Every structure is written in C-alpha cells, then in structure tokens.
Protein chains: 2
Amino acid sequence: MVKRYLSVIPLDDALALLAREFPCIPSTMQVPLEEAAGRITTGPIFARYSVPEIHLAAMDGIAVRSSETRGASEQHPITLPQAAWVNTGNVVPPEYDAVIMIEDVWEADGSYMIRKSAAPWQHVRPAGEDLAESEMVMQSAHRIRAHEIGALATYGITHPDVIAVRVGLVPTGSELVPAGTRPGPGQVVESNTVMAKAMLEEAGATCTRYPFVEDKPEKIRNAIASACRENDIIIVSAGSSAGTKDYTADVIAELGEVLVHGVAIRPGKPVIIGRIDKKPVIGLPGYPLSALTVIREIVLPFLRNYGLSAPEPDRIRAQITTSVAKEIGSDEFVLCTIGRVGSRWVVSPQSKGAGVQMSGVRANAYIRVPRASEGFDAGGEVDARLMVPASEAANALLITGSHDPVIDYLADLLRPQGICLLSTHAGSMGGILALKKDECHAAPTHLLAENGSYNTAYLEKYLPGTDVNLICIAERQQGIVSRDGLTFSDLAGRTFINRQRGSGTRMLLDYELKRAGIDPASIPGYEREVTTHIAVALAVKSGEADAGMCVYNAAKALGLPFVPVAQERYELAFRREHADDPRLAALIKAIRSPAFRDILARLGGYETAETGRQRPAR
Amino acid sequence: MVKRYLSVIPLDDALALLAREFPCIPSTMQVPLEEAAGRITTGPIFARYSVPEIHLAAMDGIAVRSSETRGASEQHPITLPQAAWVNTGNVVPPEYDAVIMIEDVWEADGSYMIRKSAAPWQHVRPAGEDLAESEMVMQSAHRIRAHEIGALATYGITHPDVIAVRVGLVPTGSELVPAGTRPGPGQVVESNTVMAKAMLEEAGATCTRYPFVEDKPEKIRNAIASACRENDIIIVSAGSSAGTKDYTADVIAELGEVLVHGVAIRPGKPVIIGRIDKKPVIGLPGYPLSALTVIREIVLPFLRNYGLSAPEPDRIRAQITTSVAKEIGSDEFVLCTIGRVGSRWVVSPQSKGAGVQMSGVRANAYIRVPRASEGFDAGGEVDARLMVPASEAANALLITGSHDPVIDYLADLLRPQGICLLSTHAGSMGGILALKKDECHAAPTHLLAENGSYNTAYLEKYLPGTDVNLICIAERQQGIVSRDGLTFSDLAGRTFINRQRGSGTRMLLDYELKRAGIDPASIPGYEREVTTHIAVALAVKSGEADAGMCVYNAAKALGLPFVPVAQERYELAFRREHADDPRLAALIKAIRSPAFRDILARLGGYETAETGRQRPAR
C-alpha cells in the first residue's frame, strides 16, 4: 500500500492558511502572581485601591503644621509644642501638613525646636502619588515583566488574567518508550512531545502530554478526540508520513478534515494540518529534526496569532563556508555553527540527517534556503538565524578538522569561561582547507606525510606563505579494535570497518598497510566507511565488522580489546594572525592546564610529553 | 537616636567586594527534564547508550544482502527469495546490509523483484550515527535550550545536574500585609520579596520567601539565622536604613559581620552587605524602586558569579529629552521611556520618586548616570538600557503632554497590535515643548487662549512655521469635585486643591476665575499643586481639601459629586511630517474607532461629536 500526500503546499501558504482558517482566540486563565512573569495579559488591569491611600511621611522626622513654622531661622528658632514623631512610611496625622527631617530638629523638654520653616506638604508622600484607585496599571496584550510582579502585588492584583493557549500533545507509535528506559531493538525514546512541550511552554503555551498511543487507528481516534475536548490546539506526534502504519491523516479525516498533508519544507515535509471541532490539529513528522523544524517554523509562528510572544530569532549576515544545494520548490532549513573569525561572521552547515538529533545540540544557528532558490554557493553571504543570544554567538570558538573526544573535554573546560567551542567534524584535511579559507579559528589535525612527519608537509602544501602555528594536543595511540584482540597482522581475511578518505586515521592505516606490504583489496570491508572513531568501535561491537582502526578511547568506551599500531601527533593548527584572539588564547591555556593533563591520563591512550608544545609550521 | 551608615562605597567596589569575599560556589540539583529548559549544567553530560544502538532502515522498503543484488537492471531484473520488509525505523536484521526503497520493488509470488542493484549500507541508519555511548552531549556551564530537552530524553538523561543558587528572602516590617489584603493606614503590601523572587528566578535562582517578621530584633535574628541554614544567599527586605526601627544591620553584625552599609547608588543607597557563616546576606532597602535597583545592579550581577546567566540589558544610544542633574559621588539610575521619533532614538527620564512603583511599569528603559558625572544635559546622547526587547522599544509610540485616563484606554486598544503607547505626563505645555523639540510622536493638549480658542494659539506661538495637525480626542467636561456638591461660585473661602502651573486645567481655572472676578488669593489651598486629575479627587475625598477642579471621570472613580464648569477641546497635536508613521496612523485609527467611542460613553464626561476630527493648527 503506497499512500501519497494529499497536497504539498509552500510554507508561507501553510502559515496563511492557519491564520485564515482558525479564529485563534486564546483561552483566559488566572495565574497566581508568582507564576505571572512572562505571561500576557488578556485585558487591562486596574489598581484596586490608591497607593498610598493616605498621606505618608517621606522622611524620618516630625510632622508639623507648616503655618506654625513660619519665620523660624537660625536667629529665631521656634519651639513646636504640637508635633508628632514619624518614621519614613508612617501616616502623617490629618492635623499636620508637612514633615521636617530629623537632622533639622532639636529635642528639648519633650518639645521640638526648629531653625527653618517648613513649606506646606514638604517631605509628605501625598495620597495617590503612585497610583489612584481605578487607574490602569497595564494594558491588554502586555507581557508581564518580572519586576512588575511587585507592582501588581502593591496595587492589589493577585491573580491576573492571562492568555492561555492549551496545547494537547498526543504521542503515537507502538515503538515508543519513555525517557529513562533504554530502548530495545526497534524501540525509540519518545522525545518529540517532550521537546514540543519545552519549546511551546517557553513561548507561553500550556501543554498537556497524553499517554503513548499504539499504532492502532481506533486507539489513535480516541486519543485525538479526547485531546480535542480539552485543548485549543492538538498536536499528534508521528504517523504523519505516508507509510503503512501512518494512520494520523486518516484518523483526522474521519474525525474532521485534513486541510494540508505535506508542506514544502525540509526537514519536516510530512506535516498534517487538520481541523476537528473547529480546532487546529497538527500532525508532526517523527524524525526529531523534522519535528523541531515544524514546531519552530509552523507551530511557534501560529502561536503568535493567539497573542503569545514567541520570540523571533536574531539574524546575522554571515559568510557561508560550504555550498548548500537543493531543488527549487521547498524551503530548506539547515542547522549551522556560526562564529566570528577575524572581522567577519562565518556560518558552517552541519549534517543534514533528520535523525541526527545532536545536530540540534551542536548548532548555534540555522539558515533558511528559500523555496525559489537552488541553494547557496560557498563564500556567499547568507542570513543566519541565531539559536543562542548574540553575545554567546560572538564568543564561539570554531574548530574544524579531525575530531577526538578530548576536543569535547576542552570545550568543557572553556564553557564556564563563556567561550563556546564548536567543533565541526571534517577530518584533518577538511580542517586544513577551512584554515586555508580562514573559516575557523583552529584545525585539529594528524596528517602523516610519506617521510613520517606530521602536519607540516600538508600545511606547507595547502597554505604556502601563510604563517601557521601548531600546538600539540597529545600524541595519540591508534590501534586495532576487535572483539577478540586481533593485531594489525591478523587483518587479512577479516571483515574490516574503515574511516573515510581524507581522515588522518585512514592515511595512517594506508601508510601502515603499505609498510607491511598488505594489499587493501585483500581486506573485506575496506570500502565500508564511517566518519568517527566511535562508529568504528560500534561496528566492531555489533559484529558488523571484525576489526577497525581507531583511538584507544573509542575501544575502551565500548569495552573492546585494543592493540596499538602507531602513535600519531594530534596537533592544533591555527593562523598566527589569530594568536592573540582571546578565545584561542584560552584554548591554548586549557591545553596546557593540569586539568587537561588529568583528563588525558584518565581517558588513556594519550602520551602527554609533547602536550602544549608549540611550533611554527615552517 | 540617629544612626549613620557605617561606610558608603561605590557600586563597582561593592560588586568587586562581593566577588572577592565570597567563593560563589553554587549548589547542584537534579531537575526533571521538563523543568530543565533554561537551567545551567554543572558538569558535562554523556550519552547513556548509542543512538541508534543497532542498524535501522532509513526508508520504507526491503532489507537485502547487497551482494545478491549485483547486476540487477531494467533488462535483467533479479528476484530475491530472501529479503525482509522494513518500515522506516525498523531494525535491519543482521543478515542484511542494505535497504531498497519500496518504489523500486515489485512483489510477485511472495518474493521481491528489483531492477537496480543496491550499494552496501544504502538507506541504512548505522548504529551510533547520531551519538555513541559515552560521547559528550553537552558541556558544563551550558544553558539547556528548550529544543535540547528532546535530545536529552533520547540520550537517556532524565534528571540533569544543574546549578542551584538557593536564595532565602526574609521580609521584615510590622507594617507588612500580604498581596491581596487592602492595606490599612500605615500598612504596606509586601512586594519587595515578591518582586525579588520573580526577578531572581528568571535569572535561574531557586527562591524561598519566608514568613513576615515583625520589627523586633529577636525575631529578625531567628528568621535570618534559619534562612542562613537553608540557603546560599540570604536577602533581608527592608530595615536596612538608619532609622529607629532599622534593625537589620545590627542583627547581621550580631550573627556575623557587616561588610558594607551603604552603597553610593540612587535609588538604593541604604543597602547592607554582610556575612554570616561565610554566606552573603544582603539587606534590601524598603522603597520598591530602591529594591528594584539593588536587585538589578547588585544581586543579579552577583548571581552571574555563580554561573547563572542573568541576561544583560540591550543598550541603545539615544538623545535625552530633559537634563538630569546630580551630585558627584553616586551612580544614579533613572527609569525612562525610549522610542524612535523620525530617524533618532529619544529617551525621557521619568519621575524619580523611589516610592512610585508605577514608574517601573511605565518605563521601557533606564539610564545610569555615572558616579563621576554631574548629570546629562538635555539633547545630549546617552546610553539607554532596555527593559523590553529591542523590537518592542522600536514600536514605542511616545505621547507627551496632558494625561487623561482615555490615553490609557487608547494604549489598551493599540497594545494587541504590537504598539506600546508610552505616555509621559508633562501637562499641555510640556507636550507643546516636546513637540517643538520633536521629542515625541504626539502631544495631548487642552490649552485655552484668551480669545477662548483651544490649542492653535499656543502651537502658532511655540512652533511657528511648523506644520502641525490636531485631532480631537473628545470634548471634555471640567468641573468642581467636592464631597458635598460645591459649585464654582462656592469656592471662595473653601480649601482648594490646585493643579500645577502650565497644565491646561490650571489655565482653565484661572480663565474662569478671571471671568467670574474671583481673586485666587481668596481661595485657601490655591498654592497647593498636584499633577493629575485623580490626585485632585483623592485630596478632596481624603478631606485634605474641600474642592478642586478636574475631569468628570476622576470624580466618578472616587464616587464624588461633580459640577461641570466648562467643556474643553482635548486634542492630540502632531507634526505633519510624522502623519505617515504607522504607529501614529494606528493611534488616529483607534481614536476614530467605534470601540473608542464606546469607551468614552462608558466613562462619561466626554462629548464625542468632534472625536476624530482633524484640522491643521494654522
């Protein structure tokens, strides 16, 4: 059974349709004052009484009748038999009309002497000075700021009426397990409604997550119908595609109508917009990054129609480092890392896989490639939208090249200093090329030349005439990972899992194979490539391959035997012109710190004799 | 008994002292995932297992052995006896190494026919593609973003360790009543710890408000000691001044030590910084705007030392409309309204009274007048700090002049359109002068000339040669408010409450007094000035005065008799050059709307025949 999308419409049309087809009238709820910050008022708020309701002393001193103080001077002090001591905030008794501050009062025999006359109403806070009964404190559609909570308390408001948009989140799928349960084969942790709740509540919605619903039309029907009764908007997670177990569209059609099945966005195309009992029902695609895109680009803008103040991302013009190609017809959203290198902003697209949820964690920005566009050429200027505050993006430290877990630990050392190390996994050669184009701050690299030297030959070749420094992160063991302690010489005939061409590990393997006179063609699986050390170890652990080459740490993480083959110089290359960049300086300091040596020792597989040593590339 | 501040130190020194004297080590707490957005991690977070842990189908189709598909073509289809149907996300059984998508498969007699070969691992999501067991998901000191909640769920993290800074808030003062209780004479609604809780929790702190403590040293001592045991930071509200009932400093000195009593800021000077059991204890001044300033300028920056990400306000260079004078020696913070008029930003200081909590509601910005400065001259450029998002400030509609409650209702009509009408109460003449300097978008005015005409004579005099339009808001009744139905001719000999010079109401009164041949000197209280209609009515209601002149609405709000004296033309003046400004256009549209006519009718005291009529000022 092959189902097709009913219709695929452009994103802007989908947003216009939502605005047109639904009245977007929010519910009202009364929240206690301590939960009111950030909420939006549904009507004007008025003072319940005047503040103050009665005249108060604005100073510590004595309350007096101003008429009785006339003529007082240094030469002619006046003694006041009738005056009342008042502290700041005390009521000024009705018979008095001024306050004289304590510094200007002399006490003698129970009465007060003054040497200066008092103007009527001096140092008195008159009734209603702050606000009078029935005056408007704040308007409709006002986002209550944290400091205003105090003012509301003062004016007698304890439960302001605020906008409530009740969103019901219905997770469907027989494969779902809750967060905290390790998923078995074919099971998936339900994360889409967890994420949706966090994102929509940040925008001010009130979300209810319903229990998981099996992939059975009858059960899905009941769950959606009951969510419809209790909410203003219903979001059904997954089952929105057109596969055999994708029942969402059919169920919505039975209970109401499907207005849209398919929006021309990537990721996120298989989204459903339906209507049941006049209420919008949105079917979310299952892949986490597809769901993220639909929430950010469709649901959050839709919430603004209800008066919620979902914040718009800041935008920055930036130079894109790699080209993005796409077909005309869809808006495409690409997660990126952005940062300032020298005097310009550069933005690097991340992996496009909609299943790679980590892309959303690693990204600090995204770009929208418009529907009518065929993509962006590398080096062009694009509009990047920030996923972090602009000040945080400005402190990003962009690292492109060969990834090693210790880079994550360096990031961990830098983060408390306000520096965000963002690592783009591009392999050693990718790093060298990024350095050449001055599109990153530093490039971790371990490129072995035919003469057995590391890194310098490649820098000389690709960045001739550019001053580059190298700082050693560590000397790192590469070796054979297997389930049964295979050595390098055992490889022939065993199923191998390889790293991608251009990676330092691949070069080291080829170098060692050549030295040993082993023909790569004799190794089954040599052509099977993965892009990280840990992926190599995982392939071995799962039995997919018998052996692979990786760093010690990856084998250790999965409890697999590791037989060292060679030690390589894992260095950080950076342009000397950036040496004074405070982010880079902090990174170098971190590499040289005792804390980092401790981490290397704890992880194992690293020699630290050279760690922190700097050398020019030529 | 006159106590003095122990020492008054500059603000920067106070912040440096806090950073130096306290280790600022936050507590750690584990929060459930759904409360984790916005929290800051205290350590790196690692994936609990690989995602996926096993190879999955990336497409709906059949799982195959790629080696068995070699040679398949249109001419030479291959029938696969062994293949397994897989939906997207299903496990690819170990015997297979590729997936062929459904569109390329023909079913016949229970077996599958293909016309294209499959590359090894095509359409397979390999184990660990997203993240591998033990890899770092996020670093220490990372602010968890809403969309990352989903990723954490996927990687098996349900209760991340996040920074907890536990702040104990101790409200002291025998005069305190809780929000929701109408304060009796001399009572005050406790709002400082309510506000502090909202502001500090927004910055990520975990606050506990303790019960009110009477002004008795022994009780204050017990309350502070117990808050010290349960929190990282203790904030004592009020009693921090140097009056007779200000026990806070003495109690802190008994339990520990007072490091600072008095910081050179205004408002907020009488702040205390003490230490008990190595913990910081901060004594907050009692006036709400003093407390606000201390929280914003001292407590929030201090929280950043604990790793919390209290946001810094955006800054905008703006032209200041009125001069701010101060003595050298204190940093002074002034609440302001800011907006764009024409092509420049203008910022207007608001009332300075630390008891006027509404200033904090009306303000959308503030300025810091530095310690070494004697102030700012009108027209100069200053750094304004925003209290709203920059986009909201850019949509501010600045109205300066004579205030009437209907202006608040117009603001209420505009707010849902995203336009923030900010009204500076400056009286009609103040509005004309602001218009002359082009420092507001429009000026509500009701200035009576000797020939009986409204507004035009003044605009001609003060803005000669400038094209100004007037739009009528309403014709408004002014009259005598009293407790017993006094008329204009009853005024002589009765205690009066007057409006300030330059206000339209004052001019109308003087005009009518002159017409009636009444000498102002014969009216006791003629010299007593307040600045709003409602303040006039309040003075009458409280018995402070027998009569005053105000609009009908103010008398009605307080249930007082009102005898009309005259009807005046309450108009909005604006420069014709701004007529196309969308904010001003929206305001004019609101004035002409049926909704506004309904409001005028409901409030009473307004004639609407002229409402919405526009005329040139000359």
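Determine which single condition B:THR206 fails, assuming it passes every other condition in (1) at pLDDT 95 or above; (2) touching a Phe, Trp or Tyr at 6+ places or on another chain (Cβ under 6 Å).
Exception for B:THR206: condition (2).
Filter the stretch A:177-206 for residues that are more than 11 Å from chain B (Cβ to nearest Cβ) and either within 24 Å of B:VAL51 (Cβ to Cβ) or aliphatic (A, V, I, L, M) (or both) and give the result. Step through it out loud before you land on a result.
From the stretch A:177-206, those more than 11 Å from chain B (Cβ to nearest Cβ) are A:204-206; that's our starting set.
Correct list: A:ALA205 only.
Among B:GLY38, B:GLY89, which is modelled with pLDDT under 90 and within 13 Å of another protein chain (Cβ to nearest Cβ)? Steps first, answer last, please.
Working: B:GLY38 fails: modelled with pLDDT under 90.
Selected residue: B:GLY89, the only one of B:GLY38, B:GLY89 that is modelled with pLDDT under 90 and within 13 Å of another protein chain (Cβ to nearest Cβ).
Can you tell me which residue within the stretch B:145-167, out of those that are under 30 Å from the mean Cα position of the chain (by Cα) and within 9 Å of chain A (Cβ to nearest Cβ), is nearest to B:SER309 (Cα to Cα)?
Top of the filtered list is B:ARG145.
Mind counting the residues in the stretch B:173-192 that are within 18 Å of B:LEU292 (Cβ to Cβ) and touching a helix residue (DSSP H, G or I) at 6+ places or on another chain (Cβ under 9 Å)?
Final tally of qualifying residues: 6.
If you go through the stretch B:332-349 one residue at a time, how many are within 13 Å of B:LEU292 (Cβ to Cβ) and not aliphatic (A, V, I, L, M)?
Qualifying residue count, the stretch B:332-349: 1.
Does A:ILE252 satisfy being modelled with pLDDT of 95 or more, away from chain B (no Cβ under 14 Å) and outside any loop (DSSP other than H, G, I, E, B)?
yes
Determine, yes or no, whether A:GLY268 is in contact with a Ser or Thr (Cβ under 7 Å, 6 or more places away or on another chain), crowded, with 24+ Cβ neighbours inside 10 Å, within 14 Å of another protein chain (Cβ to nearest Cβ) and farther than 17 Å from A:ALA198 by Cα.
yes
So, in the stretch A:524-539, of the ones that are of a type in the set (A, V, I, L, M) and in contact with a helix residue (DSSP H, G or I) (Cβ under 8 Å, 6 or more places away or on another chain), which residue ends up farthest from B:PRO93 (Cα to Cα)?
Of everything passing the filter in the stretch A:524-539, A:ILE534 is farthest from B:PRO93 (Cα to Cα).
List the helices (runs of 4 or more DSSP H) that sit entirely inside the stretch B:378-497 and contain at least 2 residues that are touching a helix residue (DSSP H, G or I) at 6+ places or on another chain (Cβ under 9 Å) and under 30 Å from B:ARG296 (Cα atoms).
It comes to B:405-414.
Any chance the stretch A:597-607 includes a residue that's over 34 Å from the mean Cα position of the chain (by Cα) and in the same structural domain as A:GLY485 (by TED's automatic domain parsing)? Can you show your working first?
So the first thing to find is which residues in the stretch A:597-607 are over 34 Å from the mean Cα position of the chain (by Cα), and the list is A:607.
Checking the rest, the ones that are also in the same structural domain as A:GLY485 (by TED's automatic domain parsing) come to A:607.
Yes, there is a match, as at least one residue in the stretch A:597-607 is over 34 Å from the mean Cα position of the chain (by Cα) and in the same structural domain as A:GLY485 (by TED's automatic domain parsing).
Given the conditions (1) without any contact (Cβ under 8 Å) to a residue 12 or more places away in the chain; (2) outside the structural domain of B:MET136 (by TED's automatic domain parsing), and given that B:GLU35 satisfies all but one, which numbered condition is not satisfied?
(2)
Determine if the stretch B:58-78 includes at least one residue that is facing chain A (nearest Cβ under 10 Å) and among the hydroxyl-bearing types (Ser, Thr, Tyr).
no
Within the group A:ILE497, A:ILE518, which residue is away from chain B (no Cβ under 14 Å), on the phi < 0 side of the Ramachandran plot and β-branched (Val, Ile, Thr)? It would help to see each step written out before you state the result.
On the way: A:ILE497 fails: away from chain B (no Cβ under 14 Å).
A:ILE518 is the lone residue from the list that is away from chain B (no Cβ under 14 Å), on the phi < 0 side of the Ramachandran plot and β-branched (Val, Ile, Thr).
Within the stretch A:493-523, which residues are aliphatic (A, V, I, L, M) and under 19 Å from B:GLU95 (Cα atoms)?
A:ILE497
Given A:GLU129, A:GLU135, which one is within 30 Å of B:LEU300 (Cβ to Cβ), at the interface with another protein chain (Cβ under 7 Å from one of its Cβ atoms) and crowded, with 24+ Cβ neighbours inside 10 Å?
Exactly one residue qualifies, and that residue is A:GLU129.
Does A:CYS420 satisfy the criteria of being within 24 Å of B:HIS147 (Cα to Cα), buried (at least 22 other Cβ atoms within 10 Å of the Cβ) and either within 19 Å of the chain's Cα centre (by Cα) or modelled with pLDDT of 95 or more (or both)?
yes
Could you give every pair whose Cβ atoms fall below 7 Å, whose first residue belongs to the stretch A:514-527 and is within 23 Å of A:ALA449 (Cα to Cα), and whose second residue is part of a loop (DSSP other than H, G, I, E, B) and at pLDDT below 90, counting only separations of at least 6 or pairs across chains?
A:ILE518/A:LEU491; A:ILE518/A:ALA492
List the strands (runs of 3 or more DSSP E) that sit entirely inside the stretch A:545-618 and contain at least 2 residues that are surrounded by 17 or more Cβ atoms within 10 Å (Cβ to Cβ).
A:547-551, A:562-575
Before we move on, is B:ALA238 among the small types (Gly, Ala, Ser), out of contact with any helix residue (DSSP H, G or I) (no Cβ under 6 Å at 6 or more places or on another chain) and more than 12 Å from chain A (Cβ to nearest Cβ)?
Criteria not met by B:ALA238.
So which residues in the stretch B:201-227 are farther than 30 Å from B:VAL31 by Cα and either under 22 Å from the mean Cα position of the chain (by Cα) or not in a strand (DSSP E or B) (or both), if there are any at all?
B:GLU214, B:ASP215, B:LYS216, B:PRO217, B:GLU218, B:LYS219, B:ILE220, B:ARG221, B:ASN222
Considering every residue within the stretch B:134-156, establish whether at least one is out of contact with any helix residue (DSSP H, G or I) (no Cβ under 9 Å at 6 or more places or on another chain) and among the aromatic types (Phe, Trp, Tyr).
No, the stretch B:134-156 has no match at all.
Going by the structure shown, is A:ARG528 within 14 Å of chain B (Cβ to nearest Cβ) and in contact with a Pro (Cβ under 9 Å, 6 or more places away or on another chain)?
yes
Cβ-Cβ distance below 6 Å, separation of 6 or more or different chains: which pairs start in the stretch A:499-512 with a residue that is in a helix (DSSP H, G or I) and end on one that is surrounded by fewer than 17 Cβ atoms within 10 Å (Cβ to Cβ) and of a type in the set (Lys, Arg)?
That search, which allows pairs on different chains as well, returns nothing.
Assess whether A:ALA411 counts as being buried (at least 22 other Cβ atoms within 10 Å of the Cβ), more than 14 Å from chain B (Cβ to nearest Cβ), small (Gly, Ala, Ser) and under 22 Å from B:VAL137 (Cα atoms).
No.
Please count how many residues of the stretch B:84-122 are of a type in the set (Gly, Ala, Ser), more than 60 Å from the chain's Cα centre (by Cα) and surrounded by fewer than 15 Cβ atoms within 10 Å (Cβ to Cβ).
So the answer is 3.
The values are calculated or read from the model by the stated rules, or taken from the named source; none is laboratory data. Worth saying up front: this structure is predicted, and the values here are computed from it rather than measured. Positions of Cβ are generated from backbone atoms using ideal geometry, with glycine treated the same way; all protein chains shown enter the neighbour counts.
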